[in-house]
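The values are calculated or read from the model by the stated rules, or taken from the named source; none is laboratory data. Note that the structure is predicted; figures quoted are calculated from it, not measured. These accessible areas exclude ligands, DNA and RNA; they are computed on the full protein's heavy atoms, side chains included. Shrake-Rupley method; radii C 1.70, N 1.55, O 1.52, S 1.80 Å.
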Amino acid sequence: MIKLKLYVTGMTPGSRALIAQLEELIGTLDDNFDLEVLDIFEHPNEAYDDLVQITPTLVRSLPPPVTQIIGDLSNRERILAGLALNSTAA
(Lines give C-alpha, C1' and ligand atoms only; values in the text may rest on other atoms or scores of the structure.)
Protein backbone atom coordinates (compact mmCIF):
# COMPACT_ATOMS: atom_id res chain seq x y z
CA MET A 1 0.00 0.00 0.00
CA ILE A 2 1.28 3.41 -0.99
CA LYS A 3 -0.38 6.24 0.90
CA LEU A 4 -0.41 9.64 -0.78
CA LYS A 5 -1.78 12.93 0.49
CA LEU A 6 -2.35 15.85 -1.85
CA TYR A 7 -2.60 19.21 -0.11
CA VAL A 8 -4.40 21.95 -2.02
CA THR A 9 -5.68 25.44 -1.27
CA GLY A 10 -9.40 25.19 -1.88
CA MET A 11 -11.21 23.03 -4.41
CA THR A 12 -10.57 25.29 -7.36
CA PRO A 13 -10.83 24.18 -10.99
CA GLY A 14 -7.03 23.89 -10.98
CA SER A 15 -7.13 21.66 -7.90
CA ARG A 16 -9.79 19.47 -9.48
CA ALA A 17 -7.72 19.12 -12.66
CA LEU A 18 -4.66 18.20 -10.61
CA ILE A 19 -6.61 15.56 -8.68
CA ALA A 20 -7.89 14.03 -11.93
CA GLN A 21 -4.35 14.03 -13.35
CA LEU A 22 -2.93 12.26 -10.28
CA GLU A 23 -5.75 9.71 -10.23
CA GLU A 24 -5.05 8.95 -13.89
CA LEU A 25 -1.32 8.60 -13.21
CA ILE A 26 -1.69 6.24 -10.26
CA GLY A 27 -4.26 4.25 -12.20
CA THR A 28 -1.52 3.34 -14.68
CA LEU A 29 0.70 1.85 -11.96
CA ASP A 30 0.55 -1.69 -10.59
CA ASP A 31 0.84 -0.68 -6.94
CA ASN A 32 -2.10 -0.27 -4.55
CA PHE A 33 -2.57 3.45 -3.83
CA ASP A 34 -4.59 5.44 -1.34
CA LEU A 35 -4.86 9.08 -2.45
CA GLU A 36 -6.27 11.48 0.12
CA VAL A 37 -6.96 15.07 -0.91
CA LEU A 38 -6.80 17.65 1.84
CA ASP A 39 -7.68 21.34 1.68
CA ILE A 40 -5.25 23.11 4.01
CA PHE A 41 -8.01 25.51 5.08
CA GLU A 42 -10.13 22.58 6.27
CA HIS A 43 -7.25 20.47 7.63
CA PRO A 44 -4.62 22.90 8.95
CA ASN A 45 -3.40 20.55 11.68
CA GLU A 46 -2.67 17.74 9.25
CA ALA A 47 -0.87 20.17 6.94
CA TYR A 48 1.18 21.34 9.93
CA ASP A 49 1.98 17.75 10.94
CA ASP A 50 3.16 16.97 7.39
CA LEU A 51 5.25 20.19 7.27
CA VAL A 52 3.29 21.58 4.33
CA GLN A 53 4.10 25.21 3.63
CA ILE A 54 3.21 25.54 -0.05
CA THR A 55 0.42 24.10 -2.17
CA PRO A 56 0.09 21.97 -4.05
CA THR A 57 2.17 19.47 -2.09
CA LEU A 58 2.05 15.73 -2.67
CA VAL A 59 3.19 13.64 0.29
CA ARG A 60 4.00 9.94 0.22
CA SER A 61 3.60 8.87 3.86
CA LEU A 62 3.77 5.11 3.31
CA PRO A 63 6.04 3.29 2.81
CA PRO A 64 8.74 5.20 4.70
CA PRO A 65 10.61 7.43 4.30
CA VAL A 66 8.14 10.30 3.92
CA THR A 67 8.65 12.06 0.60
CA GLN A 68 7.23 15.35 -0.70
CA ILE A 69 6.85 16.97 -4.09
CA ILE A 70 6.11 20.66 -3.83
CA GLY A 71 4.68 22.94 -6.48
CA ASP A 72 4.34 21.93 -10.13
CA LEU A 73 2.94 18.42 -10.42
CA SER A 74 2.41 18.41 -14.18
CA ASN A 75 5.50 16.34 -15.06
CA ARG A 76 4.75 12.62 -14.77
CA GLU A 77 8.39 11.54 -14.63
CA ARG A 78 9.15 14.11 -11.92
CA ILE A 79 6.31 12.74 -9.80
CA LEU A 80 7.40 9.13 -10.27
CA ALA A 81 11.04 9.91 -9.52
CA GLY A 82 10.24 12.21 -6.60
CA LEU A 83 8.05 9.59 -4.96
CA ALA A 84 10.43 6.74 -5.85
CA LEU A 85 7.73 4.96 -7.85
CA ASN A 86 8.28 2.83 -10.91
CA SER A 87 6.08 3.27 -13.94
CA THR A 88 4.70 0.13 -15.57
CA ALA A 89 2.96 2.06 -18.29
CA ALA A 90 4.63 4.16 -20.94
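Numbers below:
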read-out: Difference of contour (0.36 nm per residue) and Cα-Cα distance, residue 74 to residue 61; value: 2.6 nm
read-out: Segment residue 81-residue 33, extension gain: residue separation times 0.36 nm, minus the distance between their alpha carbons; value: 15.7 nm
read-out: Residue-by-residue Karplus 3J(HN,Hα) for segment 46-54, coefficients 6.51, -1.76, 1.60, Hz, glycine and proline x; value: 5, 4, 4, 4, 8, 6, 7, 10, 9
read-out: The chain - accessible surface per residue (Å², probe 1.4 Å); value: 59 Å²
read-out: Degrees separating the helix 13-27 axis from the principal Cα axis of the chain, which is the longest one; value: 30 degrees
read-out: Mean Cα-pair separation over length for the chain, i.e. relative contact order, pairs under 8 Å, 6 or more apart, %; value: 36 percent
read-out: Relative compactness, segment 1-84, computed as alpha-carbon Rg over 2.2 N^0.38 Å; value: 1.00
